[in-house]
Structure formats: C-alpha cells, structure tokens
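Heads up: the structure comes next, in structure tokens.
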C-alpha cells in the first residue's frame, strides 16, 4: 500500500480549475518529483496534501487514513508531514534554534532540554551548528533554507513536501540544498518535490510526474519522462526549459 | 555537507589583511567631511536667523508686554510650580494604571476580532461593536457619562471617587484605539507565517501565541507608544470631574489673580513628560532592524 495516495482530487479557486481529477501514488521511501509550468498546480497539490487548502473533491490518504475527511484532526495530520516552502518562511522573531524547537516543545510536548539537544543535532546535520543562536535574517538564503529543512525534519515526519525550495536561491547556493535533499533520499525519506532543477530530478527521483493544466499528464521513471517523453506537451515543456 | 566550502566560511576581517585606504578614498572622505561641516553650518545659521525673526516679530507687537506679564511671569510660575507638580503626579499615576489596563483590554478585543469559528461569532460582534462605539464617542462625553452618571445611580458597592470613573472612561475609550492598532499588527503578519506554523502542527491558538502575536506586537510598538503619549495629555481631561490634576491645579491658581502662567507651567511639565516617551518610541522603532521582514522574500 502506498504511503500517500492521491485519488481524483479536484481543486479550483473561483472559476480557475487548478487540479482536475488528479491521481498519484507515492510509496514509502520514494522520491516523486513534480514538474510542469508555473500555474500547472504543483504548489496547490502540496498545499492540499498538507491541508493548507481544502480539496473540492477526491481523496488523499496518508498511511491508509483519509486526511480529506473533515472530521480529521488537521493539526495531528500536519505534525506528521514536513513542508519546506520556496520562501523558507522561518519565524523572524525567533533564533534558528528556537525555530527548530518550537514544534517539538509546543506540539509534540518534548521536554525543552531534549528538544534543544535534538535540534542542535539536526542543525549540525544540515551544516548549521554554528548558527543556532543567529536570527534568520543574519543567514544567507541557502542557510535559511537548510534551517527550514531542519525545522521540518526535527519532527520526524513520515513525508516531506518540498515546494520549489531552491527557486529563491542563486545557483551557488542551490547545490548545498540539493545535496542535503539527496542525502535525505538516501536515508529513506519519502519526498514529494516540486522543482525546476532537472539535474536533481534525474539523479534523485524514483518517479517524475509532469503536470499540465491540473492533470498528471505523464508519470514514470526519470529516464522515460525526461529522455523519451511520450506526450507532445511534455516534449515541448522540456525543450523550453533546456533553452 | 561541509559548511566550510560554502560562501559562509569564516573569512578574515577586512582590517586584518593590511588594507590602507587609497589616496582616492582619502580624498573622497575629506570631501564628505567638508560637506557634513557645510550642512551643519547652514542648518545652524538658518535656525538662528529664524528664531531671531520670531522673537523680534512677537516681541515688537503692541500687546507683547501685557501677554508676557499674563502668561510668562517667571516668579508667578515658580510660585505655582509645587501645586501644579503635585497635580501632575496624579496624572502620572492615572496614566500608568490606565496604560496597563488599556493594553490588556485592547489586546483582548483585538484577539476576539481575529477568532474564527461560529461559536465565537458573538465575541467578534461584541469586539467590533465596542470599537465602533468607543472610537466614535468623544472622550469628554464618556468622562461625563461615567463620572457623573454612574455615581448618580447610587448603587451600593460601586466606588464613587471621580478619579476612578475618569480613569475608567480613559480605559474604555483608549482600549478601542489600541485594539485597532493591535488588530492592524496581527493582520500585517504575512499569511506564509501562519502557513509555516500550522504546517508544523501548531494549533490556531498556538500559532497566534507563539508566531503571530510576538511579531505583531513588536511591529506596532511605535504607534502604540504614540497612543500613550496622547493618553498622557488626555489624562488631564478628568479634571472636569473635579479631580485636582495638573490642569485643574493650574486653573485654581489662575483663578486667584487671572495670571495664566500656571497653565504654561502645566503645559511645560506635560511636554517634559512626553519628550522622553517620544524618544523611547523612536529608539524602539530604530532598534527593530528586522521588523519589516515577515520571513523570506514574499
């Protein structure tokens, strides 16, 4: 059984249909990369999985539980999913360490001393051990994004959602974040990733899903979707981003 | 991943590698110093000239000796100072107590307005109606209503000192302003901050408490302190209830000989009181280097 099962999900904003009968399976330990033009529904899909948006129709199951059921405890579902945003969204009034320990202490009721130790380990893991007491605005973009990843990882999520996490970074800093994601994948983390980094998609993804106008037009291993796309729209998209 | 390889690797401080300003840079620095000196000189001269014009202009009006004797009589002012200062002490106490209550009530009202869920509808309604009414009512009217109206009810158990009801009127009116300031602050926090907090599993309440409010309060501190400067002056309005504050003390002094200097003394004392608070406001605003942020590039 898949860890994450998205079936016939529909989501619209007003008259704009963003996800149209969208279905996708993500197995445990798998890294699925979503590609597609801006506005094709990638971010909306991630926000639906994290319950930041309510779906219009369809079912999303996480670990066999229907999380689109309105009776579900949304805070509990979310605390099992880690999300990292394009714009980092660190809390500017808290130090890097406090950003990482906030959820463990307040949501998971971990004792502050334990949470602190775990957070410092996690920061060391992403290469930010010496920045624990810094404020987010004292860090470079790449460091902020790594801190945001540490903040998500410290809650031991079953699933990580990554929403164009390198889009706000300059090329030099992209590498340090992508390396980290590659390590996560190697450790068996299940990931659903939106990205425009085709090199990353090719080397890390188990499955690539090309979205077009809210539909998964083509799903398959990187070699198939990136090298021999069957659909003309996929071919066109890949041609354009390789220019 | 190695942290040392990145651009964040520790680099020596610029002064360590023997940098000496080039002659071009020295020449630029000299030019800038000269411009600064020139600006200071121009500012000084124009201020002196303007002040001289004002002094000569007012001093040469036919009524000036009379005005000076009535409003700026130094000896009369010195004589009135102890009484007026004693009145001012009451203003200060009223101000401090009211400020604490206003912050509590204002914050409660602001939070009430941001609550979601149908069960809180009456609270939202109440908070909205409250701010609508008390922001619209003139403060003086509220002071009269509470200060003369409530004691006239002759209810047992209620205090009937004028200063308490005057203070209550200040609290009621000002908390409606302060509630709006807090609400503006809460709404100014970017939705991405809520999204980040909620996605970590924090509840609505925890998000408000640990993520939104700390940022909102810091952001609205300057306008909030501005309201307290204003409260400091308006605390003088409770004099209409017969409480002897600085203004009322000055009025009593004036009634003896129709010399208005005690009013000027009271005014100067109020200004002396508000200036430190204004400077504090500026300092707080400046110190918050990060506060335009909101987290990230959004």
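The values are calculated or read from the model by the stated rules, or taken from the named source; none is laboratory data. All figures in this text were calculated on a predicted structure; none of them were measured in a lab. Cβ placement follows ideal geometry from the backbone for every residue including glycine, while neighbour counts extend to all protein chains displayed.
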Looking at the structure I just gave you, is residue B:144 without any contact (Cβ under 8 Å) to a residue 40 or more places away in the chain, over 22 Å from the mean Cα position of the chain (by Cα) and part of a helix (DSSP H, G or I)?
no
Can you name the helices (runs of 4 or more DSSP H) wholly within the range B:183-298 that have at least 1 residues being modelled with pLDDT under 85 and away from chain A (no Cβ under 14 Å)?
B:213-234, B:246-257, B:261-287
Residue under evaluation residue A:201, criteria (1) surrounded by 15 or more Cβ atoms within 10 Å (Cβ to Cβ); (2) without any contact (Cβ under 8 Å) to a residue 60 or more places away in the chain, criterion not met
(2)
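Per-residue answers, yes or no, for (1) touching a residue at least 60 places away in the same chain (Cβ under 8 Å); (2) within 30 Å of residue A:212 (Cα to Cα); (3) in contact with a helix residue (DSSP H, G or I) (Cβ under 9 Å, 6 or more places away or on another chain); (4) more than 12 Å from chain B (Cβ to nearest Cβ):
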position	(1), (2), (3), (4)
A:55	no, yes, yes, yes
A:60	no, yes, yes, yes
A:76	no, no, no, no
A:93	no, no, yes, no
A:105	no, no, yes, no
A:111	no, no, yes, yes
A:122	no, no, yes, yes
A:142	no, yes, yes, no
A:145	yes, yes, yes, no
Might you check whether a residue that is crowded, with 21+ Cβ neighbours inside 10 Å, in contact with a strand residue (DSSP E or B) (Cβ under 8 Å, 6 or more places away or on another chain) and farther than 11 Å from residue A:36 by Cα occurs anywhere in the range A:165-174?
yes
Which condition breaks for residue A:130 when tested against (1) facing chain B (nearest Cβ under 10 Å); (2) out of contact with any strand residue (DSSP E or B) (no Cβ under 7 Å at 6 or more places or on another chain); (3) surrounded by 17 or more Cβ atoms within 10 Å (Cβ to Cβ); (4) not in a loop (DSSP other than H, G, I, E, B)?
(3)
Residue A:182 more than 12 Å from every other protein chain (Cβ to nearest Cβ) and either surrounded by fewer than 18 Cβ atoms within 10 Å (Cβ to Cβ) or closer than 15 Å to residue A:42 by Cβ (or both):
no
